[in-house]
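What follows is one structure encoded as structure tokens, with my remarks underneath.
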Amino acid sequence: MTEPTIVTVLCVSPVIEDHRRLENIFSHSNWRLCRAESGSEAVSRLIEEPAPVIIAESELPDRSWRSLLDVSTTLSTPPPRMIVASRLADDMLWQQVLEHGGYNVLQKPFDSREVFWVVRHAWLDWRSEWERVAGTRTAERAMAARA
């Protein structure tokens, strides 16, 4: 029997209630929540420990979610899946997120079913890319060993 996979999700928000709500939702899963209250703190955390999924408040105190997305894509391969959270999660924000390479948008206050669905699919998408990248690297090493 295999051990369940622990999914690390980084929540980037200056709103303490966001962290509390996600901790409560995640307490019923094998997901681990890491916290950051600013974009700068998030970057430091991602350098220390990459996370496959990031939930970032749409309004951060020190940088935009777009800037955080840009930086996070340079820190790991494959890059994390960025989910933007906002009380005003409308079609315009959703379109901006997708156009800039983000994964999805979550409406606040967080609904547990929606959070589970969006985070699960973001992680599955990330894992699928990770498996492709790992498979490509393995094939490249095998070919190099034969040469």
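The values are calculated or read from the model by the stated rules, or taken from the named source; none is laboratory data. What you see is a predicted model, and the numbers here were worked out from it, not measured in a lab. Because the Cβ atoms are built from the backbone with ideal geometry, glycine has one as well, and the counts that use them run over all protein chains shown. Heavy atoms of the whole protein, side chains included, go into the accessibility calculation; ligands, DNA and RNA do not. Shrake-Rupley method; radii C 1.70, N 1.55, O 1.52, S 1.80 Å.
Placing +1 on the Cβ of every Lys and Arg and -1 on the Cβ of every Asp and Glu, with nothing else charged, gives the chain a dipole about its Cα centre of roughly 500 debye. Taking one quarter of the surface of the C-alpha convex hull of segment 64-118 gives a mean projected area of 4.0 nm². A 1.4 Å probe run over the chain, with the rest of the protein chains in place, finds 58 Å² accessible per residue. For segment 63-109, the carbon plus sulfur part of the accessible surface works out to 52%, probe radius 1.4 Å.
Give me the percent relative contact order of the chain, please, defined on Cα pairs under 8 angstrom at least 6 residues apart. Intermediate values should be presented prior to the final figure.
Working: 205 pairs, mean separation 29.3, N = 147.
Over the chain, the number comes to 20 percent.
With the helix formula -39500 (n - 2.57) applied to DSSP H stretches of n ≥ 4, the chain reaches a computed 222 nm mean residue ellipticity of -17000 deg cm²/dmol. Within the full protein context, the accessible area of GLU49 is estimated at about 80 Å² for a probe radius of 1.4 Å.
So for segment 55-96, averaging the separation of alpha carbon pairs under 8 Å that are six or more residues apart and normalising by length, what relative contact order in percent results?
Values: 25 pairs, mean separation 19.4, N = 42.
For segment 55-96, the relative contact order is 46 percent.
Counting only alpha carbon atoms, the long axis of helix 65-75 and the longest principal axis of the chain meet at about 20°. Calculated on the Cα set of the chain, radius of gyration then Dmax: 16.1, 56 Å.
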